[in-house]
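Note sheet for the following structure.
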Amino acid sequence: MNATEAKTILLLYRPGTADAEDPQFAEALALANSDSELARWLEAHLAQQQALRAKFKQIAPPAGLKEQIISEHAAARRARAAWRLLGGGVTALLLLLGMPAVLWHRPSPVENTLAIYQSQMARIALGPYGMDLMTNAVVPLRAYLARQHAPADLNLPPPLQQVALTGCAVRQWQGATVSLVCFRTGRPLPPGKTSDLWLFVVDGAAITNAPATGSRQIARVNRLMTATWTDGGQLYFLGIDGQEAEIRQYL
Amino acid sequence: MPDNAEFESLVERFYAPLYQFAFSLTRAEADACDLTQQTFAIWAAKGHQLRDASKVKTWLFTTLHREFLDSRRRQTRFPHVELETTEAELPTVAPLSISGLDTSHVLNALARVDGVFQAPVALFYLQDHSYNEIAEMLGVPLGTVKSRLARGIAQLQQLLARDIAAGQLRTDL
């Protein structure tokens, strides 16, 4: 092995790993011990690689990601268990009684937990959604939502009432109608975006574990910093692509 | 479907490195979160089919990478290139000052590296895997992984050096 071949091999050498046990690396490292030019090259190369490696290791998962993965799994397990119960007992009985049509009109499985609702609404906000109505006026916005039989009687915190509206949309979630109200806070917007603050409102009864009236939950969901609360029987879910201090200023 | 305790233990061990890999590939937090969540969702549905428990880590990274490729709908087929054929092309490593760069600069440069090299280079720098594991995750022979790494690392260094020379990046030079 000459120095050029050793460099080719040592290009992939990672100190502190099992690489050193590889005979090829071991041979190249031995050569570096006896070749001062190669040793200098290796030292500079490893320092550079370590610096690059540190940049990759700086990538940190957002707070709440682990909890969200776990809560969605738990919800899915409960849903499966419920379906299994239905499948094994009630469904068989209904089929026996000749009522298969009833099944077609049953609501979808019990995946109506707060965590799943928050996760799915956050994805809507961050995704390429379209607004049904673009307006910065509250009266036509409420009227539109009312016509769609979506939550329209919104009780917004005073700071949120000061934020410019951009429009609204209506979505269906587990058989419930959700109002999506979009705002623009005045921060620079990413290309193609018209809003940077989103409020989802749904009948609180649609969520199995909606927070009690008076309590307010602040949590990161996906990339959004969010606040969730219940008021007047309706569940409010407000999200912004930012930090906790930013969401709190609208509450 | 695994029970909650087993699943939580798995998430605890692997969600951070999986997210780091996903973010290295996508450079977008939302996409990286989606990929990480999707990977665990697939594990919950299909993980019981894995017979060798020691392969869980490889299985998760393989799945995440496959989901990433699916999401990008990549159509290009990449040839396997053995290390021996690339030796003549391996560049001399130019001295760089990396310490002044942000992670985003490095990932932006990685995004400009040929697509076939990006995943192995990310896995190389995240340093959680042996070369055999990386080969298994990417579904290519060991020699191909090494040749892709050599070329990918060289490309990354050249791009960073070029950016620094062009004054596009803040450095400590």
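The values are calculated or read from the model by the stated rules, or taken from the named source; none is laboratory data. Remember, predicted model here, so these are calculated numbers, not experimental data. Ideal geometry is used to build each Cβ from the backbone, glycine not excepted, and the neighbour counts take in all protein chains shown.
At-a-glance table
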quantity	calculated
Qualifying residue in the stretch A:146-157 (condition: in contact with a Leu (Cβ under 8 Å, 6 or more places away or on another chain), in contact (Cβ under 8 Å) with a residue 24 or more places away in the chain, in the same structural domain as A:Ala205 (by TED's automatic domain parsing) and surrounded by fewer than 15 Cβ atoms within 10 Å (Cβ to Cβ))	no
Residue count for the stretch B:117-137, restricted to those that are away from chain A (no Cβ under 13 Å) and surrounded by fewer than 20 Cβ atoms within 10 Å (Cβ to Cβ)	1
Residue list for the stretch A:15-39, filter: within 11 Å of chain B (Cβ to nearest Cβ) and either modelled with pLDDT of 90 or more or over 20 Å from B:Ser99 (Cβ atoms) (or both)	A:Thr17, A:Ala18, A:Asp19, A:Glu21, A:Asp22, A:Gln24, A:Phe25
In the stretch A:118-136, the residues that are small (Gly, Ala, Ser) and in contact with a Leu (Cβ under 7 Å, 6 or more places away or on another chain)	A:Ala122, A:Ala125
Test for A:Thr8: is it at pLDDT 85 or above and among the β-branched types (Val, Ile, Thr)	yes
Qualifying residue in the stretch A:230-243 (condition: away from every other protein chain (no Cβ under 14 Å) and assigned to a loop (DSSP other than H, G, I, E, B))	yes
Every residue from the stretch B:39-51 that is surrounded by fewer than 18 Cβ atoms within 10 Å (Cβ to Cβ) and either within 11 Å of chain A (Cβ to nearest Cβ) or under 19 Å from B:Tyr131 (Cα atoms) (or both)	B:Ala41, B:Ala45
Lone unmet requirement of (1) modelled with pLDDT of 90 or more; (2) among the hydrophobic types (A, V, I, L, M, F, W, C); (3) closer than 20 Å to A:Ala227 by Cβ for A:Trp173	(1)
Among (1) within 22 Å of the chain's Cα centre (by Cα); (2) buried (at least 16 other Cβ atoms within 10 Å of the Cβ), the one test that A:Gln172 misses	(2)
Subset tally (residues that are within 9 Å of another protein chain (Cβ to nearest Cβ), touching a residue at least 12 places away in the same chain (Cβ under 8 Å) and in a helix (DSSP H, G or I)) for the stretch B:1-20	6
Residues satisfying the stated conditions in the stretch A:50-62, i.e. closer than 14 Å to B:Ala32 by Cβ and more than 7 Å from chain B (Cβ to nearest Cβ)	A:Ala60
Odd one out for A:Ala245 among (1) surrounded by 15 or more Cβ atoms within 10 Å (Cβ to Cβ); (2) out of contact with any strand residue (DSSP E or B) (no Cβ under 6 Å at 6 or more places or on another chain)	(1)
